[in-house]
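Notes for the one structure printed next.
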């Protein structure tokens, strides 16, 4: 799938679900779901404002809200993902995704946060994007599987 085709899918997203699993006793385990509101900053840049409910295994539901920024890097044929937890002017770079020979999109290089290493793979399906994060470090061995879906019109 081309960068432009993946971008068209990103621009249709309306909902998110995710499952977090950890191999460590203190890790995050649970499920979340919510809505995604798209913001269009400028051509080739969109924001996902995600809001919903997170249900940790054995715990009470919690509300969540995240803002992510997706950008096309057309010169490289890549997508960039940033977390805007500190605001639009102070994004936290997560990773760039590039098409791989198997048809999926994968992180070009891992994101290092202290001792933890974040990487991702994304596949495009007929009605959703599946984005799988892996977080590995001395105290983390986690996967988060996001499903970004849209309503067909």
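Summary of computed values
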read-out: Fewest-first ranking of 28, 105, using other Cβ atoms within 10 Å as the exposure measure; value: 28, 105
read-out: Rounded FRET efficiency, nearest 0.05, which uses the C-beta distance separating residue 143 from residue 38 and R0 of 30 Å; value: 0.70
read-out: Paramagnetic reach from residue 150 in the range 75-90 [backbone N under 19 Å; point 7 Å along Cα→Cβ]; value: 78-82
read-out: Contour excess over end-to-end distance, with Cα ends at residue 85 and residue 127 and 0.36 nm allotted per residue; value: 12.3 nm
read-out: Sequence-separation-based contact order of the range 1-123, relative, with Cα cut under 8 Å and 6+ spacing, percent; value: 14
read-out: 108, 6 arranged by Cβ crowding within 10 Å, fewest neighbours leading; value: 108, 6
read-out: Residue order, fewest to most surrounding Cβ atoms within 10 angstrom, among 40, 114, 121; value: 114, 40, 121
read-out: Per-residue [θ]222 nm for the chain (sum of -39500 (n - 2.57) over DSSP H runs n ≥ 4, rounded to 500); value: -1500 deg cm²/dmol
read-out: Point-to-point label distance, residue 23-residue 5, nm (Cα→Cβ direction, 7 Å offset); value: 3.4
read-out: Hydrodynamic radius (Kirkwood) for the chain, which is based on Cα pairs only, to one decimal in Å; value: 16.1
read-out: Per residue convex hull volume, Cα atoms of the range 27-103, in Å³; value: 137
read-out: For the range 93-153: relative contact order, % (alpha-carbon pairs under 8 angstrom, 6 or more apart); value: 23
read-out: Part-to-part distance (alpha-carbon centres) for the range 19-58 and the range 91-153, which is given in Å; value: 12
read-out: Residue 136 versus residue 115: modelled label distance in nm, points set 7 Å from Cα along the beta carbon direction; value: 1.6
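Taken together, the values in this text are just the output of simple stated rules run on the coordinates, not laboratory data. Note that the structure is predicted; figures quoted are calculated from it, not measured. Here Cβ is always computed from backbone atoms with ideal geometry, including for glycine, and neighbour counts include all displayed protein chains.
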